[in-house]
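Below you'll find the structure, written out as structure tokens, and then a few comments.
The values are calculated or read from the model by the stated rules, or taken from the named source; none is laboratory data. Predicted, not measured: the structure shown is a model, and the values here were computed from it. Don't worry about glycine lacking a Cβ; one is built from the backbone with ideal geometry, like all the others, and counts go over all protein chains shown.
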Amino acid sequence: MNPPLHLHTVATPPATDLSEPAPDRPVPRYVQMATRLAGLIESGAFKAGQRLPSVRDSAAQEGVAVSTAVQAYRWLEERGQVQARPKAGYFVAPRKRPIALPMVSKPPAHSLVVKRPSRTDLFEDSLEGERGCSFGGACPRDRDFFDEEPVRVAVSRATRVHRRSLIDYSNGPGELALREAVVRRALHLGCELRAEDVTITSSCIHAVSLCLRAVTQPGDVVALESPTHFGFLDLLESLNLRALEIPTHPRTGLSLPALQLALDTQPVKAMLAVPTLSNPLGAVMPHADKRALVKLLASRGVPLIEDVVFNDLMAADERRKAAKAFDADGWVMVCGSFSKTVAPGIRLGWVDAGRWRNAVATLKRVHGGATNAVLEHALADLLTQSSYEARMRRISAQMKERLAEARRLIGASFPRGTRISDPPSGYTLWVELPAGSDSLALFHQGAAQGITFGPGALFSATDRFNHCMRLSFAGAWGERERKALRELGRLATEQVAGGPMAQPQAVRA
């Protein structure tokens, strides 16, 4: 006998709660219903092979039309979570063998001069695929994520109210209104900042650059995750800094024992990390590890430059807390922006540089890093609107669902032995193809068909990730993109086999 199904009373994990509509675009009722039912399946309340309540019973319990309940069940069926049996109803689909995570990276124990063909140039070339289907960029391009109207209104209002700023010449730390808004937002990251300690920058990568300039000299060693954001590598190369890559777990982030060994044996001058939703792995360090990371680096007198640009995508998840929250002595330089969560076109970042606050503010000034006051006021307006947190919860849940579907598609379409990251949110997946694969060759094959992505070579100062790729799902997501993902899987399978294969095999752990 089936347990009673009370969809409206079951508490699901906050990260997958779609019940709260966005202020501008409510989540369809059938999706809300299906998501809650999926939560019951995932929790084990319904076992594999078990018959689910009938469509009519579910509709009555939920208080919706039968057609809405039918849509909910079909939504689950399309995602492989339930199966329809003629004249018998819907049943929980058998659980597939879990897809394996990528291997923990094993970078060289010594630092490297970063000198390779431009990662940024290749990445920009991949964006040309937007005419086709791009899995390249990690900055959202899906209009479902952003409503242009509030941004337009905020910019228009800022231009009208602060029109004098259009003819003023400013090169200070940034408008107080935005610095105060950043301080309020930082509370959600567990950080108690002060507006006078915050400097507004032209982007998050600009903030990181200022921090690196403040604490290093050419030739110094900077530790960072492996794999790491390609923009960090380009930045180290431009500043003539050496990269020391630290082994990183795809779920829990960089290895503290490996970092400690590196600090014991290498002259590390700074640590550059993304402890929450690292790019490209999507790893999230546990709170205990974040605290230990801050303590370890402070004990060695090594500053931590922390990028928190993705933290808000962990809305309603306590793991959103930044490492900066555990910093008592100013050894953490925290950098962020809202281009991934508010408006990509408003390229503004921020930094609280701790002990190096004055040095960073001076570097911004002497290097001509003035920011636009009108845009600063507009962004402050957007950040202080009450809808921000609700929208972050919606996007977080939407991306969790999208990434889960993408993992299933990759698992069914890519060659046997493929490993896939499993981040709790974010925009990207890191895919590790079987040994011997060449993701750069695959990139060129896909690009010829208008399908692009981030080849693994972009994300390291070595060639260790040539068999890997980063796939971004921040763009449009529909049948065209699903078809393109299957096609990438077909091409990858052919590459592994050395020739065409009739049917791609499912991924096995």
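Out of the residues in the stretch 73-96 that are at pLDDT below 85 and part of a helix (DSSP H, G or I), state the one that is surrounded by the fewest Cβ atoms within 10 Å (Cβ to Cβ). Filtering the stretch 73-96 for residues that are at pLDDT below 85 and part of a helix (DSSP H, G or I), the one surrounded by the fewest Cβ atoms within 10 Å (Cβ to Cβ) comes out as GLU78.
Listed by first and then second residue, the pairs linking a residue in the stretch 304-326 that is free of Cβ contacts under 8 Å to residues at least 60 places away in the same chain to a residue that is crowded, with 24+ Cβ neighbours inside 10 Å and of a type in the set (Ser, Thr, Tyr), with Cβ atoms under 9 Å apart and 6 or more places separating them unless they lie on different chains, are GLU306/THR276; ALA323/THR276. Right, ASP289: among the acidic types (Asp, Glu), within 22 Å of the chain's Cα centre (by Cα) and either surrounded by fewer than 16 Cβ atoms within 10 Å (Cβ to Cβ) or within 28 Å of MET314 (Cα to Cα) (or both) or not? Answer is yes for this residue. Looking at the stretch 383-391, is at least one residue at pLDDT 90 or above, of a type outside the set (Asp, Glu) and surrounded by 18 or more Cβ atoms within 10 Å (Cβ to Cβ)? Yes; the residues of the stretch 383-391 include at least one that is at pLDDT 90 or above, of a type outside the set (Asp, Glu) and surrounded by 18 or more Cβ atoms within 10 Å (Cβ to Cβ). When each of GLY436, GLY411 is tested for being surrounded by fewer than 20 Cβ atoms within 10 Å (Cβ to Cβ), within 23 Å of PRO227 (Cβ to Cβ) and in the same structural domain as LEU458 (by TED's automatic domain parsing), the lone residue that passes is GLY436. Scanning the stretch 348-372 for residues that are under 16 Å from ILE205 (Cβ atoms) and among the aromatic types (Phe, Trp, Tyr) gives a single hit, TRP350. Within the stretch 399-449, being under 30 Å from ALA316 (Cα atoms) and aliphatic (A, V, I, L, M) holds for MET399, LEU403, ALA404, ALA406, LEU409, ILE410, ILE420, LEU429, VAL431.
If I filter the stretch 332-343 for residues that are in the same structural domain as ILE246 (by TED's automatic domain parsing), of a type in the set (A, V, I, L, M, F, W, C) and more than 18 Å from the chain's Cα centre (by Cα), do I get at least one hit?
yes
Go through the stretch 23-72 and report how many residues are among the basic types (Lys, Arg), farther than 30 Å from TYR388 by Cβ and in a loop (DSSP other than H, G, I, E, B). Here the count works out to 1. The selection criterion, being modelled with pLDDT of 95 or more, small (Gly, Ala, Ser) and touching a His at 6+ places or on another chain (Cβ under 9 Å), does not hold for ALA315.
Step by step: first the residues of the stretch 62-102, then only those that are at positive phi and in contact (Cβ under 8 Å) with a residue 12 or more places away in the chain, then the one that is nearest to the chain's Cα centre (by Cα). Which residue is that?
Applying the filter and picking the extreme gives GLY80.
Restricted to the stretch 273-383, the set of strands (runs of 3 or more DSSP E) holding at least 2 residues that are closer than 20 Å to ALA397 by Cα is empty.
Could you list all residues from the stretch 439-460 that are within 22 Å of ASP234 (Cβ to Cβ) and surrounded by 22 or more Cβ atoms within 10 Å (Cβ to Cβ)? Correct list: SER439, PHE443, THR452, PHE453, GLY454, PRO455, GLY456, ALA457, LEU458, PHE459, SER460.
A search for C-beta distances below 6 Å between a residue of the stretch 466-489 that is outside the structural domain of GLN449 (by TED's automatic domain parsing) and farther than 16 Å from ALA448 by Cα and any residue that is assigned to a loop (DSSP other than H, G, I, E, B) and not charged (D, E, K, R), counting only pairs 6+ apart in sequence or on different chains, returns nothing.
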